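What follows draws every value from the coordinates through simple rules; no lab data is involved. These figures come from a predicted structure and were not determined experimentally. Reconstructed Cβ throughout: ideal geometry from the backbone, glycine too, with neighbour counts over all protein chains shown.
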Amino acid sequence: MGKTKNTSLDAVVTDFILLGLSHPPNLRSLLFLVFLLVYILTQLGNLLILLTVWADPKLHARPMYILLGVLSFLDMWLSSVIVPRLMLDFTPANKTVPFGGCVAQLYFFHFLGSTQCFLYTLMAYDRYLAICQPLRYPVLMNGRLCTVLVAGAWVAGSIHGSIQATLTFRLPYCGPNKVDYFICDIPAVLRLACADTTVNELVTFVDIGVVATSCFVLILLSYANIVHAILKIRTADGRHRAFSTCGSHLTVVTVYYVPCIFIYLRAGSKSPLDGVVAVFYTVVTPLLNPLIYTLRNQEVKSALKRIAASR
């Protein structure tokens, strides 16, 4: 699991070279355009959700849509941390990343990613209260409490990102400096450390495993109670409306957590599939979120129509 390299510690690495994704050279231009289009659509789609929640009084007064707006904001930043750097792989540009830039990318990637985990959990809890405790919902989940919970998610995400970045870069790096990945992430960077990484790999496994698994279990428990409550609704229309408010969130959680668990609970893996799976949840998922919420959420679609009609 761990490893020790005997490379001289006199040669200190000052930058890293990202090797990127394996791809046929003749497809570079096409891949660059594909990822550019994905990035633009991700930013526009999430910005549309963010502006819709902010502009519509019926939405920005409800915790569910405050959380959705925060998710869109996170997706915009997460995409910006990953995709522009990834696009450089398909250009003749220098692939070198300064040491500090690698630290920053790893920190923000895990900061924003873990904050998303906490936010998905808050969204499940919000749906649980709305469906299972409808009469007490305005008291149990008001705007002030929602703001405190979101702030807590940001703080917890920042702490998580700081721990991972500090543990990863406290190790000596004395060469080689080629990161066999498309971003500076923990498993790929640790392979270059000139020291035993057993403790780091164990902490990464436990820390990320605990964060992801705990959030996922809480989400499953919330939805188990939600499904139980929905099945008690007598009318088919009532059951359909209740399921529709949860369907979007459950879809988003699935497409985020499954790839994330696949990557980080197999930290020692060098499978070519890891890069493909990582691209899915870091690049594709932020694009899918606004599509899922606009196509499946009737209230968001109605808000968009009202805003368009008022112009």
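The amide H of V97, built 1.01 Å from its N in the peptide plane, has F16, I17, L18 as neighbours under 5 Å, considering only residues 5 or more places off or on other chains. Each stretch of four or more DSSP H residues adds -39500 (n - 2.57); spread over every residue of the chain, this sum gives -24500 deg cm²/dmol at 222 nm. Between the helical axis of 298-310 and the dominant principal axis of the chain, each derived from Cα atoms, what acute angle in degrees is found, rounded to the nearest 10? Helix 298-310 sits at roughly 80 degrees to that axis.
One Cα centroid belongs to the range 151-212, the other to the range 92-146; the line between them spans 19 Å.
With respect to the chain, whose longest principal axis is taken over its alpha-carbon atoms, helix 143-169 is tilted by about 10°. By definition, a body whose alpha carbon gyration tensor gives a ≥ b ≥ c is prolate when a/c is 1.5 or more and a/b is larger than b/c, and the chain fits this prolate description. Taken one residue at a time, the phi angles of the range 189-199 give Karplus couplings (6.51, -1.76, 1.60, θ = phi - 60°) of 6, 4, 5, 9, 5, 9, 7, 5, 10, 4, 4 Hz. Gly and Pro are set to x.
Report the relative contact order of the range 1-110, percent, no decimals, based on alpha-carbon pairs under 8 angstrom and at least 6 residues apart. That works out to 41 percent. With contacts taken as Cα pairs under 8 Å and at least 6 residues apart, the chain reaches a relative contact order of 29 percent. Farthest toward the positive end of the dipole of the chain, out of C246, L37, Y120, is the Cα of C246, where the dipole comes from beta carbon charges about the Cα centre. Each of E299 and L202 was given a label point 7 Å from its Cα along the Cα-to-Cβ line. The distance between the two points is 4.7 nm. Label-to-label distance, L47 versus A104, with points set 7 angstrom from Cα along the beta-carbon direction: 2.2 nm.
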